[in-house]
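The values are calculated or read from the model by the stated rules, or taken from the named source; none is laboratory data. Quick caveat, the model's predicted, so the values are computed rather than measured. All Cβ positions, glycine included, derive from the backbone under ideal geometry; neighbour counts span all protein chains shown. The accessibility values were calculated without ligands, DNA or RNA, using every heavy atom of the protein model including side chains. Shrake-Rupley method; radii C 1.70, N 1.55, O 1.52, S 1.80 Å.
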Amino acid sequence: MQERVLTNKIARFQFNECELDKRFDFYRVKLPEEGSYPQKLVQVKRALAPISSVYFNRDTYYAMVKKNTKIHQNDALAIKPIPALALAEGHEIVLARLLLRAVPILLGEGNSIEADGLYYLVKKRKFKEFDCFVGLNVDFRWISSPFSCNVIVLNAQTFTPYQMHNKNKVSRYPRFDTSLFKKLIKRSPTGEYVKRGIPKTKASVDMLDINGEELANFNNSKCGFLNQAQQDIERVYGESFTFDLEYSEPDYRIHHSKKIILEDYRQIAEYLQSQGLNLCNLSGDHHLNNEVLESVNKQAGVLPKLVEEPVSDMVNLVLVKSPDYYKEFGLEDPYLTAKNIDPYCQAIIVDNLFVKGAIKKDPLLVSLKELVIKQEIKSQKFSLKKLPGHWGFVYVSQKKREEEFTYHYLEIKDGSFQYVVMTPIEWLEHSEAHFDIETKDQYLAIDYDEDNYVLITEKEVMAIPDYREIFERLVELERGRGLAIPVSALQNYMFRIQDSKNKTEQSLLLELDEVLSRNANKAEICYEELYVIKNDKKKTIAYQGAKQKFYDYLMDEYDLHLKVSLKSKDGTLSSSLGFFYSPTAECYFVGSHEGAKSTINNFSKLRHVETDYAEIPLKFWTQFDAFYVRHKQGTVMPFAFKYLRGCHEISVGRT
């Protein structure tokens, strides 16, 4: 497996301040105390007409204008010129953001302060009769302690028509003009769009898409847009402004086998077999009973008992419709009623369970494992995974920003646990101020046996694929696939392997013969013709095993680059795979243990670890190997946090 991984942390910004000062002027603007934020922006626009701006704090704004732009003095504003060097030395993140946000205007995409940063149009979406847009915003950001670094962030944002919403709710929202939406989304008082999502839909852009090894799919993913942003920066600024991303080297890297993962689900089945299971169908679709009963029996090895309502002190699986269904028709959700009888029952939603009339395996397994976790919470004892010793796990919640934290604490002694809710004072008395949490994005694990702790902090720091290498490989493929393939090349390779006893090469001979028969009397063929018909479907000759040598031959002998391996465990996608820990960088990530996929939805989040262990012991890291918690994936936190959150949610009736 490839050792180091690329991250979104900025290793360094590089500025040529002299060249920047030749092209642009930079200003620090002190804003007036009176007036609303939009009013202050209008004043800045009229005074400076900047091509980009950054709001620094409550009363300070930084602006960037083209060289020799006339400044219109405003008594309400204190406008002071500032050289690029002073910005680079004092506030390099401000300078970097100013330069990045000016990119669409300098590329000729617009000419107004009202540009809201660097956006890329990802897709258009239809909601009822309205046209909506999903854009991806690229920006630099300073991440506070404990990482204390600059990062590049990519956030999806939906823009929806103003008239789609209740006008009273969006009347104060900034308005946007989407007519120039390619790299620019433009603020405009007369704009018809606002930054507001489609109901019940979250804006999302895949982290990576290399389906079919197509460059177009890659370009429309976050990695593709990150690559595009870097290219656009190079086009606009050349060597005047560049940045490099940071790599992290691991000390601990592991990829678990499928066998170990499936063992967790075998234990879930054993638990249900030992405890028994009730199925309560409250969906009204009673014709589904037999199919659900048989499917549970097949997956868990236990035939549930069909009951009319949950039975207290039993293990109850409740079949219901979606909560939205009951809300739409003004009906009481029967799952809420069922929880009054058994707070530890588990819902399984008909719409999620059935796909095209057949039961889908994964939603059923997820419901069964959640049910077992609830039974463990009910008994306050671990059954699926043991955790010996004396441990404590803590996180905080906060209803409103100004309110004090509520501490949620799970104490574990030799496999049994107890959930306690504390005020800040109660927590300090309990911990004797040895251990504390400062923010909602921190999670504390305490090893009482050795009097050590591990504090985990979540920020916007990610491990990302080496997008530039992927881009370069896909460009090579696009070039190669656009070239003609001499028929003689296929014939020559067939001659090479005609006496081979290898079964894969014998299969390849038949496939190449089919290709040649279909293209008789041709001297050349295109890449799209390298397919065979199997089960009435076209199937491209695979790039694996002995067949890989065929494509390697075409590349070596004819300079035809037609296939590439991007999904191997030691390849460019290793940042999405396995478990990674770097004590030097004080961070870890938990990626997929199922192998690389052509479409990857999310970046692997790098979490910071602070500890007073001399070296974090293996007994801590093995707490991530509970593959049922995230359904066939390693947990991103020690697995006890799943039970801690479950205790919290059951206590307030949220699960």
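Please sort by residue number the trypsin sites (Lys or Arg not before Pro) in the stretch 445-517 whose DSSP state is loop and whose Cβ has at most 13 other Cβ atoms within 10 Å.
On the way: sites: Lys459, Arg468, Arg473, Arg479, Arg481, Arg496, Lys501, Lys503; in loops: Lys501.
Those that pass, being in a loop and sparsely packed, are Lys501.
For the stretch 421-495, what percent of Cα pairs sit more than 22 Å apart?
Values: 1684 of 2775 pairs.
That tail contains 61 percent of the Cα-Cα pairs.
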- Ordered by packing density, taken as the mean number of other Cβ atoms within 10 Å over each peptide's residues, highest first, how do 36-46, 128-138 rank? 128-138, 36-46
- Taking R0 as 51 Å, what's the FRET efficiency between Asp324 and Glu478 from their Cβ-Cβ distance, rounded to 0.05? 0.75
- State the Cα centre-to-centre distance between the stretch 147-212 and the stretch 348-426 in whole Å. 34 Å
- Query: Between Ser651 and Ile425, what is the FRET efficiency for a Förster distance of 22 Å, r being their Cβ-Cβ separation, to the nearest 0.05?
  - Reply: 0.60
- Reduced to Cα centres, the span from the stretch 463-529 to the stretch 274-328 in Å works out to 52 Å
- Enumerate the amide H contacts of Asp177 below 5 Å, restricted to partners 5 or more residues apart or on another chain; note that Pro and chain-start residues carry no placed amide H. Lys186, Arg187, Ser188
- Under the Karplus curve 6.51 cos²θ - 1.76 cosθ + 1.60, θ = phi - 60°, whole-Hz ³J(HN,Hα) for the stretch 240-245, x wherever Gly or Pro sits: 6, 8, 9, 8, 10, 8
- Query: Given the Cα-Cα distance of Lys597 and Asp351 and 0.36 nm per residue of separation, how much length would full extension add, in nm?
  - Reply: 86.0 nm
- Mean separation of Cα contacts under 8 Å (6+ apart) over length of the stretch 22-178, as relative contact order %: 18 percent
- Message: Using the basic label-point model (7 angstrom from Cα toward the beta carbon), what is the Phe56 to His286 distance in nanometres?
- Response: 7.2 nm
- Query: How big is the chain by the Kirkwood estimate over distinct Cα pairs, in Å?
  - Reply: 29.2 Å
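Please quote Rg/Rh for the stretch 53-152 to two decimal places, taking the Kirkwood radius as Rh and restricting both calculations to Cα atoms. Write down the numbers at each step before the final one.
Details: Rg = 16.8 Å, Rh = 16.1 Å.
In the stretch 53-152, Rg relative to Rh is 1.04.
Using a 1.4 angstrom probe, figure out how much accessible area the chain has per residue, in square angstrom, rounded to the nearest whole.
Details: 32370 Å² over 655 residues.
Roughly 49 Å² per residue, with all protein chains present.
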- Message: In whole Hz and in residue order, list the ³J(HN,Hα) couplings for the stretch 373-383 that follow from phi through the Karplus curve 6.51 cos²θ - 1.76 cosθ + 1.60, θ = phi - 60°; x for Gly and Pro.
- Response: 4, 5, 5, 5, 5, 4, 7, 6, 8, 6, 10
- Message: In the stretch 527-553, whose amide N lies under 16 Å from the spot 7 Å out along Cα-to-Cβ of Gln506? List them in ranges.
- Response: 546-547
- Taking the dipole of the chain about the Cα centre (Lys, Arg +1; Asp, Glu -1; charges at Cβ), the one of Leu118, Leu85, Gly389 that reaches farthest to the positive side is Leu118
- Note on the structure: Cross-link reach from Lys259 to lysines, straight Cα distance under 20 Å and at least 8 residues apart if same chain, gives Lys298, Lys361, Lys369, Lys385, Lys386, Lys569, Lys597, Lys632
- Message: Given points 7 Å out from each Cα along the Cα-Cβ axis, report the Ala523 to Arg235 separation in nanometres with one decimal.
- Response: 3.9 nm
- Using only Cα positions of the stretch 415-564, each an equal point scatterer, no hydration layer, compute I(q)/I(0) via Debye at q = 0.12, 0.13, 0.14, 0.17 Å⁻¹ and quote the log10 values to two decimals. -0.62, -0.68, -0.75, -1.04
- Place a point 7 Å from the Cα of Lys128 in the direction of its beta carbon; the residues of the stretch 152-178 whose amide N falls under 20 Å from it are 158-173, 176
- The alpha-carbon center of the stretch 35-51 and that of the stretch 595-655 are separated, in whole Å, by 46 Å
- Message: Checking the cross-link filter: which aspartates and glutamates have an alpha carbon closer than 16 Å to that of Lys126, excluding same-chain neighbours under 8 positions apart?
- Response: Glu192
- Message: Please compute the modelled spin-label separation between Leu516 and Asn340, points set 7 Å along Cα→Cβ, answer in nm with one decimal.
- Response: 7.7 nm
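Mind checking the alpha-carbon convex hull of the stretch 509-617 and giving the volume per residue in Å³? Provide the component values of the computation, followed by the final result.
Numbers: hull volume 18.0 nm³, N = 109.
Considering the Cα atoms of the stretch 509-617, their hull volume per residue is 165 Å³.
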- Item | Estimated translational D of the stretch 162-302 in µm²/s (Stokes, Kirkwood radius over Cα pairs; 25 °C; 0.890 mPa s) | 110 µm²/s
- Excluding residues on the same chain fewer than 8 positions from Lys400, give the aspartates and glutamates whose Cα lies under 16 Å from its Cα. Glu438, Asp441
- At R0 = 41 Å, FRET efficiency that the Cβ-Cβ distance of Phe495 and Tyr173 yields, to 0.05: 0.05
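Stretch Asn297-Glu214 to full length: gain in nm at 0.36 nm per residue minus the Cα-Cα span?
Separation in residues times 0.36 nm, less the Cα-Cα distance, equals 25.7 nm.
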- By average C-beta atoms within 10 angstrom, highest first, the peptides 586-593, 515-522, 279-286: 586-593, 279-286, 515-522
- Item | Antiparallel %, DSSP beta bridges [both residues in the chain], to 5 | 90 percent
- Amide H within-cut-off set for Phe241, under 5 Å, with H built and near neighbours excluded: Asn16
- How many lysine pairs are close in the stretch 2-93, with Cα atoms under 24 Å apart and the two 8 or more places apart or on different chains? 22
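Residue separation times 0.36 nm, minus the C-alpha to C-alpha distance between Tyr531 and Ser379: what's the value? Walk me through the numbers on the way to the answer.
Details: separation 152, 0.36 × 152 = 54.72 nm, distance 5.75 nm.
Full-extension gain reported as 49.0 nm.
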